[in-house]
Amino acid sequence: MLTATMEATAMLIASPTTKYTGPLGRKFKKEAEVKLAQNRHLLTLSAMRSNIMSMMCEADLFAADEQLRANDRVFQCESIPQLHRWYCNVYRVFTERRNALRLPFVDGSTFLMAVAS
């Protein structure tokens, strides 16, 4: 009698179980979606921060103290719309300063003066 019970128990343990899709399954799915959204948000923040700072550090158009202040503010910001506005403003200043260094010639061509900040 004992061996029959043990064999029946072993069969129950060894049988495959079906995937549970009840409330707990929905909870785990929701947690996975939230985690994915957080990862996407962090990746977007990281990409925007690196784009802003690479534009500021790429050219000698921004002074060192401007770069330090921007670096501090950019990496403290957690808002994607605010970082987008920051990027637009940095791009505007970048193009204005770069265009201010262009020397126009009579034939319509320009030459970019290299200056050290």
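Summary table
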{"item": "Residue 88, sole failed condition from (1) within 21 Å of residue 38 (Cβ to Cβ); (2) outside any loop (DSSP other than H, G, I, E, B)", "result": "(1)"}
{"item": "Residues that are assigned to a helix (DSSP H, G or I) and open to solvent by less than 60 Å² (accessible area, probe 1.4 Å), drawn from segment 73-85", "result": "74, 80, 83"}
{"item": "Residue satisfying all of: in segment 50-72; touching a Ser or Thr at 6+ places or on another chain (Cβ under 8 Å) and open to solvent by 60 Å² or more (accessible area, probe 1.4 Å); nearest to residue 101 (Cα to Cα) among these", "result": "60"}
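The values are calculated or read from the model by the stated rules, or taken from the named source; none is laboratory data. It should be emphasised that the depicted structure is a prediction, and the values quoted were computed from it without experimental measurement. When we count neighbours, we look across all protein chains shown, and the Cβ atoms used for this are built from the backbone with ideal geometry, even at glycine. Calculation scope for accessible area: heavy atoms of the full protein, side chains included, ligands and nucleic acids excluded. Shrake-Rupley method; radii C 1.70, N 1.55, O 1.52, S 1.80 Å.
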